[in-house]
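Trainee: Provided herewith is a single structure, encoded as structure tokens, for subsequent inquiry.
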Amino acid sequence: EQTNVSGATSSLSSFFVAVAVTVSLMFVALLLAAGLLALEREQHAFGRLVRGLVSRTGLLSEKVLLAALCALAVCLLMLCGLAAITGLDWARAPAWLAALAAGGLGFAAMGTAIGALAREVEAASLLAFALALPIAFLALVPSGAVDDSLFTVIDGVSSLFPFKPSLNALDAAISGGGLAGPLAHLLALTLGFALLGRLALRRFG
């Protein structure tokens with residue numbers, strides 16, 4: 001007999017599924033969005049496109065949506081496969097979809113900001129990969145593993161990036177926790193990184 005006194009109520013198997021899928025979501029959306037936007041400049045297509053065919057904001061939005069949709073498709077298939085193995089509740093599939101979509105948008109918006117700042121495919125991919133691992137590491141530090149003041153700093157830094165809210169959203173979607181807070185957090189991060197990417201496009205050229 002097990003009684004949960006405090007802390008998370010999700011099982012370890014569900015949490016590990018959430019971590020695996022979130023890591024995959026991060027790499028697919030982040031690297032794809034960063035590479036797509038940087039590729040437009042490297043192939044000298046960006047200047048021609050924004051001179052009348054599409055606005056800079058429109059082009060940025062297209063890259064975010066494309067990367068997010070690709071990441072959503074890949075990770076939804078992955079989650080369905082893991083659900084068949086681990087026995088997750090299929091009735092919560094709509095919540096899985098909402099968490100993956102919001103997380104994909106957050107990572108894709110961050111990726112376009114990286115691509116706009118780096119401006120070259122190699123540099124954008126390297127920067128996205130270099131940022132992804134520390135972000136995931138910080139988000140996975142448990143509260144009891146470090147001093148309370150240090151954990152507060154780590155938690156604050158993690159809240160500035162999409163990994164931790166994506167993990168929280170997917171864990172809640174799988175285990176039945178509160179989903180509204182993480183989804184709102186991801187929406188705010190999506191808008192923030194999209195704005196950063198749009199500002200960086202002024203010098204994209």
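The values are calculated or read from the model by the stated rules, or taken from the named source; none is laboratory data. Computed from a predicted structure; not experimentally measured. Positions of Cβ are generated from backbone atoms using ideal geometry, with glycine treated the same way; all protein chains shown enter the neighbour counts. The area values use the complete protein model at the heavy-atom level, side chains included, leaving out ligands, DNA and RNA. Shrake-Rupley method; radii C 1.70, N 1.55, O 1.52, S 1.80 Å.
Trainee: Testing the spin-label approximation: label points 7 Å from Cα along Cα→Cβ at residue 49 and residue 89. State their distance in nm.
Mentor: The answer from the label model is 4.2 nm.
Trainee: While we're on this one: List the longest stretch of the chain that has no exposed loop site; here a site is one of the GluC sites (Glu not before Pro) assigned by DSSP to anything other than H, G, I, E or B, with at most 15 other Cβ within 10 Å.
Mentor: Longest stretch, sites excluded: 2-119.
Trainee: Now a separate question. Just the number, please: Stokes-Einstein D of the range 116-202 in µm²/s, Kirkwood Rh from C-alpha pairs, 10 °C, 1.306 mPa s.
Mentor: So the translational diffusion coefficient is about 109 µm²/s.
Trainee: Where the centroid of each part is defined by its Cα atoms, how far is the range 95-166 from the range 17-82 in Å?
Mentor: Spelled out, the Cα-based centre of one part sits 15 Å from the other.
Trainee: While we're on this one: Using the 2.2 N^0.38 Å rule of thumb for compact globular proteins, work out how the chain stacks up: its C-alpha Rg over that value, please.
Mentor: Here the answer is 1.07, to two decimals.
Trainee: Is the range 5-119 best put as rounded, prolate or oblate by its Cα gyration tensor, with a ≥ b ≥ c the root eigenvalues, rounded for a/c under 1.5, and otherwise prolate when a/b is larger than b/c, oblate when not?
Mentor: Note, shape of the range 5-119 comes out prolate.
Trainee: Loop only per DSSP, at most 14 neighbouring Cβ atoms within 10 Å: give me the trypsin sites (Lys or Arg not before Pro) in the range 28-123, ordered by residue number.
Mentor: Passing sites in the range 28-123 do not exist.
Trainee: From the square roots a ≥ b ≥ c of the eigenvalues of the alpha-carbon gyration tensor of the range 78-155, which class results: rounded (a/c under 1.5), prolate (a/b over b/c), or oblate?
Mentor: Cα axes put the range 78-155 in the oblate bin.
Trainee: Moving on. Assign unit charges at the C-beta atoms only (+1 for Lys and Arg, -1 for Asp and Glu), then state the dipole size of the chain relative to its Cα centre in Debye, rounded to the nearest 20.
Mentor: 980
Trainee: Can you give the accessible area per residue of the chain, in Å², using a 1.4 Å probe?
Mentor: 50
Trainee: Given a cut-off of under 8 Å on Cα pairs at least six residues apart, what relative contact order in percent is computed for the chain?
Mentor: With pairs under 8 Å counted, the relative contact order is 33 percent.
Trainee: Here's another thing I want to ask about it. First compute the accessible area of the chain with a 1.4 Å probe, then give the percent of it belonging to carbon and sulfur atoms.
Mentor: The nonpolar share, carbon plus sulfur, comes to 68 percent.
Trainee: In the P(r) worked out for the range 18-76, what percent of Cα pairs fall beyond 20 Å?
Mentor: Counting pairs separated by more than 20 Å, the tail of P(r) holds 32 percent.
Trainee: Report the label-to-label distance for residue 133 and residue 73 in nanometres (one decimal), using points 7 Å from each Cα along the Cα→Cβ vector.
Mentor: 3.0
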